[in-house]
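The values are calculated or read from the model by the stated rules, or taken from the named source; none is laboratory data. Everything quoted here is computed from the prediction, not taken from an experiment. Cβ placement follows ideal geometry from the backbone for every residue including glycine, while neighbour counts extend to all protein chains displayed.
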Amino acid sequence: MSHILPSLRRRHALALLGSGLSLASVNKAMAADSAWDAIAKVARGQTVYFNAWAGSEPINAYIRWAGQQTLERFGVRLEHVKIGDAADVVKRVRNEKAADKQDGTVDLVWINGKNFLAMKREGLLYGPFASKLPNFALVDVRGLPTTVLDFAEPVMGMEAPWGMAQLTFMVDGKLTPKPPQSSSELLAFAKSNPGRVSYPHPPDFHGTTLLKQFLLDLNPARDAFYLPVTPEAFAKTTAPLWSYLDALHPQLWREGKQFVNNAASARQMLADGELRWALTFNPNDAANEIAAGRLRASVISYQFASGTIGNSHFVAIPFNAPAKSAAMVVTNFLLSPEAQARKADITIWGDPTVLAVNQLKPAEQTLFGAKSAPGQVHNAAPAIPEPHGSWMEPLEKEWLKRYGV
């Protein structure tokens, strides 16, 4: 094998020169290849403890598949440490840093938003590493700016994008042929269907995301949301939100005195007919549930006509991860066209890709063959960037102060 690699590198160099790149560019690319080979060599035999949300069996199954692939192909064992909230991982790594524990318990974490902001600002992350991944060159950083901006916070290579998400709503099309298309229409819909609408109790991230959606809808001037929060900006911009919620909550399920635990609960209550409206952050969620027989085929997914909040979710490596090289190998595989296409398949997970599919090789593009199924979003609305991550905590605290039970 050792005599084959130099030959492959020579062929790679000749191909690069033939494409019109300068000798300096070719040398740089070859050095990157060599550096990645060294990382992959160190990674072989290591175990990656991947702390990832475990609230979905399709996602858990996908992570098991990824682990089988990384073990067979790269000799890297992937252990899924099942968590309910990434904030718990942040606390653990923070405590390890305070105790000067250089050999940590987390090699890779599924993360974004306020948790990334906390880890970045507290020096809890390893990196920058994303640009060292060969497959990062396939990411659509121009068309999908959220792959390099996490809740308006520059990523700076401290995490690698894994998938896309956008706030999406569900109704039974037979019962609700004209679903509410804005925050104001949702209020009117709730008044017309008392007790048939609810949303998850913040700080559940679906509930908090809906609050941010209302906040953006109620404030046409949005510049302040993309800067770190200040007390003055918070007081001014949230005043319309509290007025809106004061009007909405009495119309909700159990008169807003109790809220559903999470999006899965709301979806089940939609299936049972107890609710007429539910929400998710995966545009293909309803299609997956219909395929699994847990939702009726008449359920449709849609987004507010003027747009809904969208973001990227990421994976990151803590500063004290024992298996940093192996974590990079796993992350690079998760960004491969094969892994991204499998993740995007609605029969497997249905999580939208972060890759620039139209820039891939023809054979790789075919992996993303168009698939349609009942329950999919057919008219995607614009994705509205997330507010800066610093807005989440004060928003949740004020909601709990006013409405928490």
- prompt: Any idea which of (1) over 30 Å from S131 (Cβ atoms); (2) out of contact with any Ser or Thr (no Cβ under 7 Å at 6 or more places or on another chain); (3) buried (at least 22 other Cβ atoms within 10 Å of the Cβ) is the one V155 doesn't satisfy?
  reply: (1)
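Within region 66-86, restricting attention to residues that are surrounded by fewer than 16 Cβ atoms within 10 Å (Cβ to Cβ) and in contact with a helix residue (DSSP H, G or I) (Cβ under 8 Å, 6 or more places away or on another chain), which residue is farthest from L334 (Cα to Cα)? Spell out how you get there, then give the answer.
The initial filter retains those residues of region 66-86 that are surrounded by fewer than 16 Cβ atoms within 10 Å (Cβ to Cβ), namely 68, 71-73, 75, 79, 82, 84-85.
With the extra rule that they be in contact with a helix residue (DSSP H, G or I) (Cβ under 8 Å, 6 or more places away or on another chain), the set shrinks to 73, 75, 79, 82.
Values: R73: 13, G75: 15, E79: 15, K82: 18 Å.
Looking at the filtered set, the residue picked out is K82.
Could you check region 348-365 and list, in sequence order, the residues that are of a type in the set (D, E, K, R) and either surrounded by fewer than 17 Cβ atoms within 10 Å (Cβ to Cβ) or in contact with a Phe, Trp or Tyr (Cβ under 6 Å, 6 or more places away or on another chain) (or both)?
First pass over region 348-365, keeping only residues of a type in the set (D, E, K, R): 351, 361, 364.
Across region 348-365, the qualifying residue is only K361.
Can you list the strands (runs of 3 or more DSSP E) lying wholly within region 70-189 that have 2 or more residues being among the charged types (D, E, K, R) and not assigned by TED's automatic domain parsing to the domain that holds D223?
Details: elements: 77-83, 108-111, 160-166, 168-172.
Answer list for region 70-189: 77-83.
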Residues of region 236-282 classified as closer than 20 Å to S182 by Cβ, free of Cβ contacts under 8 Å to residues at least 40 places away in the same chain and basic (K, R), total: 0
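Only one of these is touching a helix residue (DSSP H, G or I) at 6+ places or on another chain (Cβ under 9 Å), within 30 Å of A292 (Cα to Cα), of a type in the set (G, A, S) and at pLDDT 95 or above: A271, A233. Name it.
The match here is A271.
Suppose we filter region 377-403 for residues that are part of a helix (DSSP H, G or I) and either in contact with a strand residue (DSSP E or B) (Cβ under 9 Å, 6 or more places away or on another chain) or surrounded by 13 or more Cβ atoms within 10 Å (Cβ to Cβ) (or both); how many remain?
13
Counting just the residues of region 386-405 that are touching a Phe, Trp or Tyr at 6+ places or on another chain (Cβ under 7 Å) and of a type outside the set (D, E, K, R), which one comes out farthest from N282 (Cα to Cα)? Before the answer, list the steps.
Filtering region 386-405 down to residues touching a Phe, Trp or Tyr at 6+ places or on another chain (Cβ under 7 Å) leaves 386-389, 391, 394, 402.
Narrowing the set further to residues that are of a type outside the set (D, E, K, R) leaves 387-389, 391, 394.
Details: P387: 19, H388: 21, G389: 20, W391: 22, P394: 25 Å.
The residue in question is P394.
In region 84-108, what count of residues is obtained for those that are of a type outside the set (A, V, I, L, M, F, W, C) and touching a Phe, Trp or Tyr at 6+ places or on another chain (Cβ under 6 Å)? Steps first, please.
Here is the first cut: in region 84-108, the ones of a type outside the set (A, V, I, L, M, F, W, C) are 84-85, 88, 91-92, 94-97, 100-105, 107.
Then keep just the ones that are touching a Phe, Trp or Tyr at 6+ places or on another chain (Cβ under 6 Å); that gives 107.
Adding up the residues that qualify gives 1.
Filter region 274-293 down to the residues that are polar (S, T, N, Q) and modelled with pLDDT of 95 or more and list them by number.
At the first step, the residues of region 274-293 found to be polar (S, T, N, Q) are 280, 282, 284, 288.
Once the filter is applied, which keeps residues that are polar (S, T, N, Q) and modelled with pLDDT of 95 or more, region 274-293 yields only T280.
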- prompt: Picking from G75, G104, G45, which residue would you name as being at pLDDT 95 or above, touching a Lys or Arg at 6+ places or on another chain (Cβ under 7 Å) and not aliphatic (A, V, I, L, M)?
  reply: G75
task: Take D172 and decide whether it is of a type in the set (D, E), touching a residue at least 40 places away in the same chain (Cβ under 8 Å) and closer than 25 Å to K236 by Cβ.
output: no
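Restricting attention to region 363-402, which residues are hydroxyl-bearing (S, T, Y) and farther than 29 Å from E153 by Cα? Full working, then the answer.
The first filter runs over region 363-402 and keeps only residues hydroxyl-bearing (S, T, Y), leaving 366, 372, 390.
Selection gives T366, S372.
Residues being in contact (Cβ under 8 Å) with a residue 24 or more places away in the chain and of a type in the set (K, R): count how many of those fall in region 86-114. Outline the logic, then answer.
Taking region 86-114 and keeping what is in contact (Cβ under 8 Å) with a residue 24 or more places away in the chain, we get 86-87, 89-90, 93-94, 96-97, 101-114.
Applying the additional criterion that residues be of a type in the set (K, R) yields 94, 97, 101, 114.
The total comes to 4.
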message: Let me confirm something: among D140, D172, which residue is surrounded by 19 or more Cβ atoms within 10 Å (Cβ to Cβ) and of a type in the set (D, E)?
response: D172
- prompt: If I300 satisfies every condition in (1) among the hydrophobic types (A, V, I, L, M, F, W, C); (2) assigned by TED's automatic domain parsing to the domain that holds Q68; (3) modelled with pLDDT of 90 or more but one, which is the exception?
  reply: (2)
- prompt: Would you pick out the residues in region 236-259 that are touching a His at 6+ places or on another chain (Cβ under 7 Å) and either hydrophobic (A, V, I, L, M, F, W, C) or modelled with pLDDT under 95 (or both)?
  reply: F259
